[in-house]
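Taking it in order: structure first as C-alpha cells, then the write-up.
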Amino acid sequence: MNILLEMNYDVTIKTFPTRYAATVRMVIPSFEEEGMLWNILMEETAPLHLMDGDPCYCCAVFHDKEYREADVDVEVQKDVKGSYPDTEHVRFRTLPEITVACATCKGSYEQMDGINAAVAAWVADNGYAFDGPMFNIYHVSPHETANPDEYVTEVCYPVRKM
C-alpha cells in the first residue's frame, strides 16, 4: 500500500527560514476542534491590525509524540511582520529555521492519512530521521473556500539526515 501512496504524492526536502509568528497552543478535545484555536488567534489579534508575513504561512503543529484521538496538543501559527504584545492566549515568537520532508495534498482532509503515511515511508526509505513535531501549512483552507475539493495543504515532517 505505501508504494502506491508514495507514487501519488511528490515528497521533497525543504528548509523554511526563521520566521516571526502569532501562535496559540492548547490541548483541544479532538483534531476537528482546531478551528477554535484559529478563532482565538483572529479574535484576540483583530485590534492589533497584524501585518501578514511575506510569505504568510498559516500552520498547525501537532505536538503529541504519538497519534491521539482525544485531548490533542495543537499549536496554530500565522506568520506576521512587525512587533506585537502578547494577548491572553496569543504568543508572538520567533520560530527557528527548520528542514522538513513535505508533500502537498490537494482536496479534502480525508486524504490526510494517506499523505502522512506516504511522507513517513519516504523519510524511512531515504536516510532521514524525524526531528520534531509534524505540522500542516494551509495554503487554501476552509477560511478561503467552502469547497473541500479546493483545499491545498502541505504536510511537513521535520527531519535530519541520518
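The values are calculated or read from the model by the stated rules, or taken from the named source; none is laboratory data. Predicted model, so just to flag it, every value in this text is computed and none were measured. Cβ coordinates were reconstructed from backbone atoms using ideal geometry, including for glycine residues, and neighbour counts include every protein chain displayed. We work out accessible area using only protein heavy atoms, side chains counted, and drop any ligands, DNA or RNA first. Shrake-Rupley method; radii C 1.70, N 1.55, O 1.52, S 1.80 Å.
Considering only ARG68, ARG91, ARG25, the mean-square fluctuation computed in a Gaussian network model of the chain, springs between alpha carbons under 10 angstrom, is largest for ARG68. Normalised by the number of residues in the range 1-149, the average gap of Cα pairs under 8 Å and 6 or more apart makes the relative contact order 36 percent. Ordered from longest to shortest, the equivalent ellipsoid semi-axes for the chain are 27, 18, 15 Å, each the square root of 5 times a Cα gyration tensor eigenvalue. Positive contributions from Lys and Arg (+1) and negative ones from Asp and Glu (-1), summed over other residues with Cβ under 12 Å from the Cβ of PRO148, come out at -3. In this label model, MET42 and ASP73 are separated by 2.8 nm, measuring between points 7 Å along each Cα→Cβ vector. For GLU150, the accessible surface of its heavy atoms amounts to roughly 100 Å² (probe 1.4 Å, protein chains only, rounded to the nearest 10).
Rounded to the nearest 10 degrees, the angle from helix 112-125 to the longest Cα principal axis of the chain is 60 degrees.
Counting each DSSP H run of 4 or more residues in the chain as -39500 (n - 2.57), what helix-only mean residue ellipticity at 222 nm follows after dividing by all residues, to the nearest 500 deg cm²/dmol?
-6000 deg cm²/dmol
Straight Cα distances below 25 angstrom link LYS106 to the lysines LYS14, LYS78, with same-chain residues fewer than 8 positions distant left out.
The gain in end-to-end length when the ASN147 to ILE13 segment is fully stretched comes to 45.3 nm, 0.36 nm per residue minus the alpha carbon separation. Maximal additional length on extending the MET51-LYS106 stretch stands at 17.1 nm, based on 0.36 nm per residue less the C-alpha distance.
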